[in-house]
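The structure appears right after this line, and notes come after that.
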Amino acid sequence: MVATRSTGVDHIDLIECKKRKIEVSNVPVYGSNTVAEYAFALILAVAKKIVEAHQAVEDDDFSPEGLTGIDLFGKTIGIIGLGQIGSNVAKIAHGFGMKIMAVDRKPEMKIVKKYNIKLVEMEKLLKEADMVTLHVPATKETYHLINRDNIKLMKGGSILVNTSRGAVVESEAIIWALNKKILRGAGLDVVEEEDKVESMSMIMSQRPTKNDLQDVLSYHMLRDRDDVVFTPHNASNSEEAIERI
């Protein structure tokens, strides 16, 4: 048996485990409200420029110049993945008085009706949502679900939040969209390069490939931007979630 103290099992070779008759066990719902709350914390941090405002005070600058944020009330949130976490995001968004759109293959209609969620195709969600938040697992189907080709569809001045898995969003697409002002900002708890950055010393001791170096460069280009709130894969890290695990 292989037991993982996470919901995601993308780091385990499930096919090989099945061949060898090895049971795989995960913890599916320990952080469903925890991650949803964190996603909203990132939305608020970007929308209200919380990090920039804090840094201004750290620098002894008490002027609100350049720190004007936006309201969430009346805005449209696009939820990609309406599972346990996505449903909790919808619940929170409803409390903020937001309009809710979602993409999901098999949505729970009880949740859809309760929070007046509009089910749409991905293209429509990207075009109309003021904030887009991702809550899908890392699979072959979700790899670069948000990419250079479709991020250009997003509404000008919108916000992108990812608390799911890094590989779901192409990092270079985020950088491009920020530079083009398609995105007002991004809240990222995960990025596709995080594993390589963590093992950078090992990469540099060998012969890094062009892709390795590009990945690390993309990571730093995102990390060092004022319009990106970046956290270290921390969304499920609460006292209560750890206790549930």
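Of all the residues that make up the stretch 171-191, how many are among the acidic types (Asp, Glu) and buried (at least 22 other Cβ atoms within 10 Å of the Cβ)? Walk me through it before giving the result.
At the first step, the residues of the stretch 171-191 found to be among the acidic types (Asp, Glu) are 172, 189.
Next cut, buried (at least 22 other Cβ atoms within 10 Å of the Cβ) only: 189.
Adding up the residues that qualify gives 1.
Name the single residue that is modelled with the highest pLDDT among those in the stretch 61-79 being open to solvent by 30 Å² or more (accessible area, probe 1.4 Å) and polar (S, T, N, Q).
Result: Thr68.
Please find, among Ile85, Ile100, the residue that is more than 15 Å from the chain's Cα centre (by Cα) and either modelled with pLDDT under 95 or of a type in the set (A, V, I, L, M, F, W, C) (or both).
Details: Ile85 fails: more than 15 Å from the chain's Cα centre (by Cα).
Of the residues listed, the single one that is more than 15 Å from the chain's Cα centre (by Cα) and either modelled with pLDDT under 95 or of a type in the set (A, V, I, L, M, F, W, C) (or both) is Ile100.
List the pairs whose first member sits in the stretch 83-94 and is under 14 Å from Ala235 (Cβ atoms), whose second member is open to solvent by 50 Å² or more (accessible area, probe 1.4 Å) and of a type in the set (S, T, N, Q), and whose Cβ atoms are under 6 Å apart, counting only residues at least 6 apart or on separate chains?
Hits for this filter: Asn88/Asn33.
Could you grab me the full set of residues in the stretch 118-165 that are among the polar types (S, T, N, Q) and in contact with a strand residue (DSSP E or B) (Cβ under 7 Å, 6 or more places away or on another chain)?
First, pick out the residues of the stretch 118-165 that are among the polar types (S, T, N, Q): 133, 139, 142, 147, 150, 158, 162-164.
If the condition is that a residue be among the polar types (S, T, N, Q) and in contact with a strand residue (DSSP E or B) (Cβ under 7 Å, 6 or more places away or on another chain), then Thr133, Ser158, Asn162, Ser164 are the ones that fit.
So the check is Cβ under 9 Å with 6+ separation or different chains; which pairs have a first residue in the stretch 177-193 that's farther than 14 Å from Ala167 by Cβ and a second one that's among the polar types (S, T, N, Q) and surrounded by fewer than 23 Cβ atoms within 10 Å (Cβ to Cβ)?
Gly187/Thr231
For the stretch 14-60, enumerate the residues that are in a loop (DSSP other than H, G, I, E, B) and open to solvent by 90 Å² or more (accessible area, probe 1.4 Å). First the steps, then the outcome.
First pass over the stretch 14-60, keeping only residues in a loop (DSSP other than H, G, I, E, B): 20-23, 26-31, 48-49, 59-60.
Of everything in the stretch 14-60, those that are in a loop (DSSP other than H, G, I, E, B) and open to solvent by 90 Å² or more (accessible area, probe 1.4 Å) turn out to be Arg20, Lys21, Glu23, Asp59, Asp60.
Scanning for something within 24 Å of Arg223 (Cα to Cα) and of a type outside the set (Phe, Trp, Tyr), does the stretch 12-33 turn up at least one residue? Explain how you work it out, then say what you get.
So the first thing to find is which residues in the stretch 12-33 are within 24 Å of Arg223 (Cα to Cα), and the list is none.
No.
Consider only pairs whose beta carbons are under 6 Å apart and that are at least six residues apart or on different chains; among these, list those whose first residue lies in the stretch 219-245 and is within 16 Å of Glu194 (Cβ to Cβ) and whose second residue is aromatic (Phe, Trp, Tyr) and surrounded by 13 or more Cβ atoms within 10 Å (Cβ to Cβ).
Arg223/Phe230; Ala235/Tyr38
Keeping to the stretch 115-140, report how many residues are out of contact with any helix residue (DSSP H, G or I) (no Cβ under 8 Å at 6 or more places or on another chain), of a type in the set (D, E, K, R) and at pLDDT 95 or above.
Adding up the residues that qualify gives 5.
From the list Val57, Val35, Val24, pick out the single residue that is aliphatic (A, V, I, L, M) and under 27 Å from Met98 (Cβ atoms). Outline the logic, then answer.
Numbers: Val57 fails: under 27 Å from Met98 (Cβ atoms); Val24 fails: under 27 Å from Met98 (Cβ atoms).
Being aliphatic (A, V, I, L, M) and under 27 Å from Met98 (Cβ atoms) holds for just one of Val57, Val35, Val24, which is Val35.
Which is open to solvent by less than 30 Å² (accessible area, probe 1.4 Å) and on the phi < 0 side of the Ramachandran plot, of Leu134, Leu153, Leu119?
Values: Leu153 fails: open to solvent by less than 30 Å² (accessible area, probe 1.4 Å); Leu119 fails: open to solvent by less than 30 Å² (accessible area, probe 1.4 Å).
On inspection, the qualifying residue turns out to be Leu134.
The values are calculated or read from the model by the stated rules, or taken from the named source; none is laboratory data. Just so you know, these numbers come straight off a predicted model, no measurement behind them. Note: ideal-geometry Cβ built from the backbone for every residue, glycine included; neighbour counts use all protein chains shown. Heavy atoms of the whole protein, side chains included, go into the accessibility calculation; ligands, DNA and RNA do not. Shrake-Rupley method; radii C 1.70, N 1.55, O 1.52, S 1.80 Å.
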